[in-house]
1. So which residues in region 282-306 are charged (D, E, K, R) and either within 25 Å of residue 214 (Cα to Cα) or in contact with a Pro (Cβ under 9 Å, 6 or more places away or on another chain) (or both), if there are any at all?
2. Does region 283-290 include one or more residues that are of a type in the set (Asp, Glu), at pLDDT 95 or above and either touching a helix residue (DSSP H, G or I) at 6+ places or on another chain (Cβ under 7 Å) or within 30 Å of residue 165 (Cβ to Cβ) (or both)?
3. I'd like to know if region 129-152 contains one or more residues that are acidic (Asp, Glu), assigned to a loop (DSSP other than H, G, I, E, B) and touching a Lys or Arg at 6+ places or on another chain (Cβ under 9 Å).
4. Is region 242-264 home to any residue that is in contact with a helix residue (DSSP H, G or I) (Cβ under 6 Å, 6 or more places away or on another chain), in contact (Cβ under 8 Å) with a residue 60 or more places away in the chain and among the β-branched types (Val, Ile, Thr)?
5. For region 131-172, give me each residue that is over 14 Å from residue 291 (Cβ atoms) and of a type in the set (Val, Ile, Thr).
6. Based on what the data block shows, is residue 140 within 18 Å of residue 336 (Cα to Cα), open to solvent by 40 Å² or more (accessible area, probe 1.4 Å) and under 20 Å from the mean Cα position of the chain (by Cα)?
7. With the requirement that a residue be touching a helix residue (DSSP H, G or I) at 6+ places or on another chain (Cβ under 7 Å), in contact (Cβ under 8 Å) with a residue 40 or more places away in the chain and surrounded by 22 or more Cβ atoms within 10 Å (Cβ to Cβ), what does region 150-173 give you?
8. Looking only at region 300-322, filter to residues that are in contact (Cβ under 8 Å) with a residue 24 or more places away in the chain and open to solvent by 50 Å² or more (accessible area, probe 1.4 Å); which one of those is farthest from residue 69 (Cα to Cα)?
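The values are calculated or read from the model by the stated rules, or taken from the named source; none is laboratory data. Just so it is clear, the model here is predicted, and its values are computed rather than measured. Counting neighbours? That spans all protein chains shown, and the Cβs are built from the backbone with ideal geometry, glycine included. Surface accessibility is based on the protein's heavy atoms, side chains included, excluding ligands, DNA and RNA. Shrake-Rupley method; radii C 1.70, N 1.55, O 1.52, S 1.80 Å.
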Amino acid sequence: HKSAQASYRVRRKRIVHFEEYQAMLLHQLRKQLRRRASSLQHYSHTKHAQFMQVALSSTTASSSAQILPWRHDPSLPERILQHNDYSGAFNPTARDPSILRKFIAARELNISAWDVLPIPFYKHEWESDLATGFAIAFEFAVGELLGTLFRASVTNDDNVVTIDSSKGSSSLDPSTNIDNNEYLKSMMDKKLLARFNQSIINCEDYQIKCTIHPFQAELQHIFAVPVPGLTREVVEEKQYLKAAIYRLHNAYDENGFDENYFDMVTEFAKEVGHTKRTVIAEASVKCKEFFQVKDKNTGLVVQGMEDDREEEEVIHLVRFEVVTEETEQGERVIGSWKLIDVDDLLEGNVFH
């Protein structure tokens with residue numbers, strides 16, 4: 001994996017921090033995409049290959065308890081292999097070709113149509129940069145998350161995040177937790193944080209040792225939520241909108257994008273506005289990883305790998321979301337990407 005690691009390091013040097021990555025992306029992105037191409041052929045995706053979470057791979061130590069919801073596995077989730085992007089039950093564009101959906105999402109990111117057209121055996125630079133940015137954000141988020149949960153020291157040296165509570169406590173204020181860690185909340189969605197906060201963790205009873213060394217990242221899916229104005233914040237504030245989304249779905253099933261459907265979208269936009277749009281993307285991140293949780297009282301490993309094990313190659317699936325907003329000049333202003341799911345813990349954390 002030397003070539004992959006070398007390529008990843010080069011990209012990482014250019015993307016030192018996730019906020020810097022976003023600024024760089026905004027600077028590099030080009031004119032917005034032409035209207036969706038009508039000649040693309042329709043095909044249907046195979047749906048519903050539910051990925052069952054695996055706490056540990058066959059090469060790790062066996063354990064009956066799972067203290068932390070953590071996937072340590074060298075393979076991609078099955079639903080990725082079957083082209084299921086968890087795009088939502090009421091998404092009328094879910095049956096469109098993936099390239100068409102990528103075109104629409106690219107428009108929201110001010111990416112030129114020419115930079116989306118598929119080229120055999122070639123990945124566009126924006127796709128590689130986006131995936132690398134996600135991997136970097138995942139590094140920072142996991143370090144902050146596990147450091148907060150276990151009151152553990154966290155280091156990030158040469159693209160390797162190390163969380164080790166046996167080497168002293170965190171430098172965080174003792175009163176800091178997941179609920180009041182604003183830095184962590186700015187990086188991760190509250191539902192994902194709540195999932196980890198439900199873990200049976202008492203830092204007085206358990207200690208963690210975890211090293212994560214990402215060396216390769218690949219964009220797997222990207223799509224725009226089909227209804228303009230529909231964002232996570234809007235849906236949380238106005239729960240009744242879910243019924244309206246369901247009616248839109250039924251209208252599309254009956255007659256496709258006909259006049260009635262667009263009339264309904266227009267009415268919907270009056271309720272939520274039309275300048276904002278949500279884009280969701282996910283990437284697979286290959287890592288060298290050591291993961292272990294010990295019982296402090298007995299010294300026994302209760303989850304993960306034994307002390308004599310070497311780092312193992314694993315794949316994490318990280319899913320991000322961003323809201324864009326249209327300016328008077330027709331450009332899209334891109335907000336801050338936020339981590340909304342890891343390894344399908346929340347089945348994509350779909351809100352629409």
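1. Keep residues of region 282-306 that are charged (D, E, K, R), which gives 282, 286, 288-289, 294-296, 306.
Listed by number, the residues that qualify are 282, 286, 288, 289, 294, 306.
2. Quick first cut of region 283-290, residues of a type in the set (Asp, Glu) only: 289.
Narrowing further to those that are at pLDDT 95 or above: 289.
Keeping just the survivors that are either touching a helix residue (DSSP H, G or I) at 6+ places or on another chain (Cβ under 7 Å) or within 30 Å of residue 165 (Cβ to Cβ) (or both) gives 289.
Yes, region 283-290 has at least one match.
3. At the first step, the residues of region 129-152 found to be acidic (Asp, Glu) are 129, 139, 144.
After this cut, where a residue has to be assigned to a loop (DSSP other than H, G, I, E, B) as well, the list is none.
Checked region 129-152: no residue is acidic (Asp, Glu), assigned to a loop (DSSP other than H, G, I, E, B) and touching a Lys or Arg at 6+ places or on another chain (Cβ under 9 Å).
4. Taking every residue of region 242-264 in turn, none turns out to be in contact with a helix residue (DSSP H, G or I) (Cβ under 6 Å, 6 or more places away or on another chain), in contact (Cβ under 8 Å) with a residue 60 or more places away in the chain and among the β-branched types (Val, Ile, Thr).
5. Passing the criteria: 132, 136, 148, 154, 155.
6. Here the answer is yes, as residue 140 does meet what is asked.
7. 152, 161, 163, 165
8. Ranking the candidates gives 309 first.
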